[in-house]
1. Where residues in the range 89-102 are surrounded by 14 or more Cβ atoms within 10 Å (Cβ to Cβ) and of a type in the set (D, E, K, R), which of them is nearest to D9 (Cα to Cα)?
2. Run down G86, G123, G117 and say which single residue is crowded, with 24+ Cβ neighbours inside 10 Å, closer than 25 Å to D9 by Cα and not hydrophobic (A, V, I, L, M, F, W, C).
3. Do we find that A226 is among the aliphatic types (A, V, I, L, M) and modelled with pLDDT under 95 in this structure?
4. Considering the range 136-148 alone, what residues qualify as being buried (at least 24 other Cβ atoms within 10 Å of the Cβ) and farther than 22 Å from R23 by Cβ?
5. Considering E11, E5, which residue is modelled with pLDDT of 95 or more and closer than 21 Å to L95 by Cα?
6. Condition check: under 13 Å from the mean Cα position of the chain (by Cα) and crowded, with 17+ Cβ neighbours inside 10 Å. Does S131 satisfy that?
7. Counting only residues that are among the β-branched types (V, I, T) and assigned to a helix (DSSP H, G or I), how many does the range 52-84 have?
8. Among the residues of the range 207-234, write down those that are assigned to a loop (DSSP other than H, G, I, E, B), over 18 Å from I126 (Cα atoms) and without any contact (Cβ under 8 Å) to a residue 12 or more places away in the chain.
Amino acid sequence: MILKEDHVDLETAKGTMRTYRVRPAHGGKMPGLVLFSEIFQVTGPILRTARLLASQGYIVAVPEIFHEFEPLGAAFPYTPEGTDKGNRYKIEKELSSYDEDARVALAHLKSLPECTGRLGCIGICIGGHLSFRCAMNPDVSAAVCFYATDIHKRSLGKGMKDNSLDRIPEIKGELLMIWGKQDPHVPQAGRDLVYRSLVEAGTNFTWHEFNAEHAFIRDEGHRYNATLAQICYGMAFELFQRKLYAGEQAASKAGTEARH
């Protein structure tokens, strides 16, 4: 698989949002995925994740989630200083801006001539929460959330009073929720709250908890678990294949049968 990589600068109400794109170079029609990063923005591990997803036959868009606060192209190191900066921006950014960024990224993917119009999303850490909220858009058929932070605390965005739990009924696609049992950022009680909320809303989802800490799929740092990462990405590929490729074929077949 030969990949093509570039970036596009998309306009939002809060300024320009650089969005990295990775896709197969062969052309042809394919579904689109929005990949939401950790608080460190588009780092090496995030780009490698984008390439892994694209190699399965997707156009992957990776927006800079804190574009309001940093120069275009900025990424933070995996250090205490980088962590502090990302965590500060996380609660300085308006909740509505996170949602607008997702809509802009989805609209961009859908506008591309090589995109089938079938859309999914995936995110890691804060990006898992952003993927969760992105799934509230009706165009999203499948969403993967890796150890999504702050859903249980309702603490995303300025004011730290997000409404993600309340908006679960808006999610019409299928969710894949993945957690680490030893993740201090999302304790058992927090995971239980999210699980019950999804069940009560009648959401179509699968739920997996592993014996791992936070950031266990990041291929940089001491918490990386390559075996679990392989399993988790395999589950993500299965979901996207079933909902964005097989789902498209089913919709096309239904349309053909309706015309006869």
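The values are calculated or read from the model by the stated rules, or taken from the named source; none is laboratory data. Since the structure is predicted, the reported quantities are computational estimates derived from the model, not experimental observations. Because the Cβ atoms are built from the backbone with ideal geometry, glycine has one as well, and the counts that use them run over all protein chains shown.
1. Checking each candidate, the answer is D101.
2. After ruling out the rest, the residue left standing is G123.
3. On the way: among the aliphatic types (A, V, I, L, M): yes; modelled with pLDDT under 95: no.
Spelling it out, it is not the case that A226 is among the aliphatic types (A, V, I, L, M) and modelled with pLDDT under 95.
4. C145, Y147, A148 - these are the residues of the range 136-148 that are buried (at least 24 other Cβ atoms within 10 Å of the Cβ) and farther than 22 Å from R23 by Cβ.
5. Numbers: E5 fails: closer than 21 Å to L95 by Cα.
Step by step, each of E11, E5 is checked, and only E11 is modelled with pLDDT of 95 or more and closer than 21 Å to L95 by Cα.
6. On the way: under 13 Å from the mean Cα position of the chain (by Cα): yes; crowded, with 17+ Cβ neighbours inside 10 Å: yes.
Yes, satisfied.
7. First, pick out the residues of the range 52-84 that are among the β-branched types (V, I, T): 59-60, 62, 65, 79, 83.
Right, trim to assigned to a helix (DSSP H, G or I) and you get 83.
Looking only at that region, the number is 1.
8. Matches in the range 207-234: H222 only.
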